[in-house]
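Undergrad: Below is the structure I would like to discuss, written out as structure tokens.
Coordinate-derived values only; no laboratory data. Remember, predicted model here, so these are calculated numbers, not experimental data. We place every Cβ from the backbone using ideal geometry, glycine too, and count neighbours over all the protein chains shown.
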């Protein structure tokens, strides 16, 4: 797995995210990934299905927002809300369900 693939794997909470994280932490090459609303939707759906929990989602949002190689311009407002859950009434099934509906329009 190269760094580009590792970024995509981690950003979408893929099955090999642990391996992807190791690559991201050890590879200093400059590669970038634009995180789309579709990618965010995949992660939110994983929360709604119980694959990941509130802490996973909040930690993911913080990681994505802080990585220089991740362009999160398209989802920066959503990341802000996920990183500051008290502003949206907490991370719960209702708030994330509403966020997902809003994203899908």
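Undergrad: From the helices alone, meaning DSSP H stretches of at least four residues, give me the mean residue ellipticity at 222 nm for the chain, per-run term -39500 (n - 2.57), in deg cm²/dmol to the nearest 500.
TA: Taking each H run of at least 4 residues, the total per residue is -18500 deg cm²/dmol.
Undergrad: Could I have the simple spin-label model distance between residue 34 and residue 80, label points 7 Å from Cα toward Cβ, reported in nm to one decimal?
TA: It works out to 2.1 nm between the two label points.
Undergrad: Compute the long axis of helix 93-104 from its Cα atoms, compare it with the longest principal axis of the Cα atoms of the chain, and write down the angle in degrees, 0 to 90, nearest 10.
TA: It works out to around 70 degrees.
Undergrad: Pick the calculated Cα extents along the principal axes in Å for this structure from [x] 38, 25, 23; [y] 35, 31, 25; [z] 55, 37, 27?
TA: [x]
Undergrad: Counting pairs of alpha carbon atoms under 8 Å apart in space and at least six apart in sequence, what relative contact order in percent does the chain give? It would help to have the intermediate numbers written out before the result.
TA: Details: 105 pairs, mean separation 26.6, N = 105.
RCO, the chain: 25 percent.
Undergrad: Could I ask something else about it? Roughly how tilted is helix 17-26, in degrees to the nearest 10 and between 0 and 90, from the longest Cα axis of the chain?
TA: Approximately 50 degrees, to the nearest 10.
Undergrad: With axes computed from alpha carbons, what is the tilt in degrees of helix 37-48 against the longest principal axis of the chain, rounded to the nearest 10 within 0 to 90?
TA: In the chain, helix 37-48 runs at an angle near 60 degrees to the longest axis.
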